[in-house]
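J.: Can you read through this structure? Questions will come right after.
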Amino acid sequence: MGSSQSLGVPSGSGPFKVGCTDVMVDHTRQGSFFRLYYPCEAEQLKPVPWIPQYQYFTGLADYLNKSKMWFPPLLSLAFGHYSVPVGWNASFRAVEKYPVIIFSHGLGAFRTVYSSICLEMASQGFLVAAVEHRDESAACTYYFKLQAEEHSADAHSKLEEVWLPVRKLNAGEEEFPLRNSQLSQRVKECVQVLNVLSDINSGTSIENALPDSLSLSDLKGYIDLQKVAVMGHSFGGSTSILALAEDKRFRCAVALDTWMLPLAEDVYSKDLGPLFCINSEKFQTEDSIEKLKRLQSTNSALKIITILGSVHLSQTDFTLVTGDLLSRAFETRGTINPLKGLEITNRAALAFLQRHLDLQKDFDKWNALVEGNDTQLVSGPHLSTKPAAD
């Protein structure tokens, strides 16, 4: 992975070509915004930029407390040329019903920075809706407001983008109240996206506020709403756990390196159902491991594994698009090969999803990973005693 040729988001390894579209239902801040990855017809694939708009570079600079003048152009230079190997708005493969994954991003992220995982899941036969949260935890996001002058005949040109920056902690502000309140909104947004998919499946006419998008009516009848999982990374991990507790349409959850802080005390007494925590070696603290053990004590269907040699960003695309220098500066990589780390995450998740969504697939060949049986894994939560990789 040291050479620049090997950097970038890889194609999915599953049997399906992957299409991709953005969906915004209700253009206001209260609406739903997500990127949908889906099995598509094998036509000429039209890749899509990894970072969709320049404003996201500014948002990342803001989140990282870097100068908004010089840092966004540097990020654009480093990452602006990357694309995701999908078919943008490619024809939906209307052949069979597909199980669903609602994916929730971490703090300071947004809908596209988990493309490698979402695209892999879609290549294996899932519909994956990557939510872009509007709780002010995204590096930035946007919605639309109606422009005052409505002389234009084109409905889309009446809408004006409103950008929502990340909300930072104020000096002396306690973190838990803010994060717990954001967590509630995030769960609502995941549920709302599932409701949108449910409407699409039943044939309800859905208006996408974004022009140039897939005809959503093509998905009618092909969304398997009996087989729905929720998945997320970091803040998205705690979002997945609470969503599993609150909406029983989610039959199981995969929580990647969960940030435990936002979860309130009452979650530890809930019967969650099947939950799979895939941790990195470097992120979890003694406190969060204690919390994971408490969850496990009341939930027999909770599995936890830790990927040795991985860091918190190993489950994001950043681990794949940063060369040696950037990966050291921002700790986007541990000692594990980035592709290997993501492959373990994906395969373990697929084996778990097959088990709890009753999928007729061959993902059970990776069952050993769910139990932590691999040279790169340990079973259970694990506190790294080694210093982080330099």
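J.: What about L60, is it of a type in the set (A, V, I, L, M, F, W, C) and without any contact (Cβ under 8 Å) to a residue 60 or more places away in the chain?
T.: Against the criterion (of a type in the set (A, V, I, L, M, F, W, C) and without any contact (Cβ under 8 Å) to a residue 60 or more places away in the chain), L60 does not qualify.
J.: Please state which of the following conditions K282 fails to meet, knowing it meets all the rest: (1) open to solvent by less than 50 Å² (accessible area, probe 1.4 Å); (2) closer than 24 Å to P338 by Cα.
T.: Just one mismatch for K282, condition (1).
J.: Can I ask one more? If G106 satisfies every condition in (1) open to solvent by 10 Å² or more (accessible area, probe 1.4 Å); (2) under 19 Å from A255 (Cα atoms) but one, which is the exception?
T.: Checking G106 against (1) open to solvent by 10 Å² or more (accessible area, probe 1.4 Å); (2) under 19 Å from A255 (Cα atoms), the one that fails is (1).
J.: Against the definition (open to solvent by less than 40 Å² (accessible area, probe 1.4 Å) and among the charged types (D, E, K, R)), how does D271 come out, yes or no?
T.: no
J.: Which count do you get for residues in segment 74-95 that are open to solvent by 50 Å² or more (accessible area, probe 1.4 Å) and farther than 19 Å from E120 by Cβ?
T.: 5
J.: Within segment 242-268, take every residue that is in contact with a strand residue (DSSP E or B) (Cβ under 9 Å, 6 or more places away or on another chain) and β-branched (V, I, T) and give me the one that is surrounded by the most Cβ atoms within 10 Å (Cβ to Cβ).
T.: Among those that are in contact with a strand residue (DSSP E or B) (Cβ under 9 Å, 6 or more places away or on another chain) and β-branched (V, I, T), it is T258.
J.: Given the residues T319, T345, T335, which is the only one that is closer than 29 Å to S76 by Cα and part of a loop (DSSP other than H, G, I, E, B)?
T.: Result: T335 is the single residue among T319, T345, T335 that is closer than 29 Å to S76 by Cα and part of a loop (DSSP other than H, G, I, E, B).
J.: What residue, of K17, K68, K46, is more than 17 Å from L210 (Cβ to Cβ), of a type in the set (K, R) and in contact (Cβ under 8 Å) with a residue 24 or more places away in the chain?
T.: Selected residue: K17, the only one of K17, K68, K46 that is more than 17 Å from L210 (Cβ to Cβ), of a type in the set (K, R) and in contact (Cβ under 8 Å) with a residue 24 or more places away in the chain.
J.: Restricted to segment 329-382, and to residues that are closer than 18 Å to M231 by Cα and among the acidic types (D, E), which residue is surrounded by the most Cβ atoms within 10 Å (Cβ to Cβ)?
T.: Once the filter is applied, the top-ranked residue is E343.
J.: Report every pair of residues separated by at least 6 positions or lying on different chains whose Cβ atoms are under 7 Å apart, first residue within segment 345-360 and modelled with pLDDT of 95 or more, second of a type in the set (D, E).
T.: Within 7 Å, the pairs are N346/E120; A351/D364; Q354/D364.
J.: Looking for something in contact with a helix residue (DSSP H, G or I) (Cβ under 7 Å, 6 or more places away or on another chain), small (G, A, S) and farther than 19 Å from F330 by Cα - is there at least one such residue anywhere in segment 23-40?
T.: Yes, segment 23-40 contains a residue that is in contact with a helix residue (DSSP H, G or I) (Cβ under 7 Å, 6 or more places away or on another chain), small (G, A, S) and farther than 19 Å from F330 by Cα.
J.: Let me ask something else about it. Based on this model, can you work out whether Y98 counts as under 28 Å from A255 (Cα atoms), open to solvent by less than 40 Å² (accessible area, probe 1.4 Å), among the aromatic types (F, W, Y) and within 18 Å of the chain's Cα centre (by Cα)?
T.: Criteria not met by Y98.
J.: While we're on this one: Identify all residues within segment 33-73 that are surrounded by fewer than 17 Cβ atoms within 10 Å (Cβ to Cβ) and of a type in the set (S, T, Y); write none if there are none.
T.: Y54, S67
J.: For segment 318-328, how many residues are open to solvent by 20 Å² or more (accessible area, probe 1.4 Å) and within 20 Å of the chain's Cα centre (by Cα)?
T.: Total meeting the criteria: 1.
The values are calculated or read from the model by the stated rules, or taken from the named source; none is laboratory data. Keep in mind that this is a model prediction, so the values were computed, not measured. Every residue, glycine as well, gets a Cβ built from its backbone with ideal geometry; the counts of neighbours run over all protein chains shown. For the accessible areas, the whole protein counts, side chains as well, though only heavy atoms, and no ligand, DNA or RNA atoms are used. Shrake-Rupley method; radii C 1.70, N 1.55, O 1.52, S 1.80 Å.
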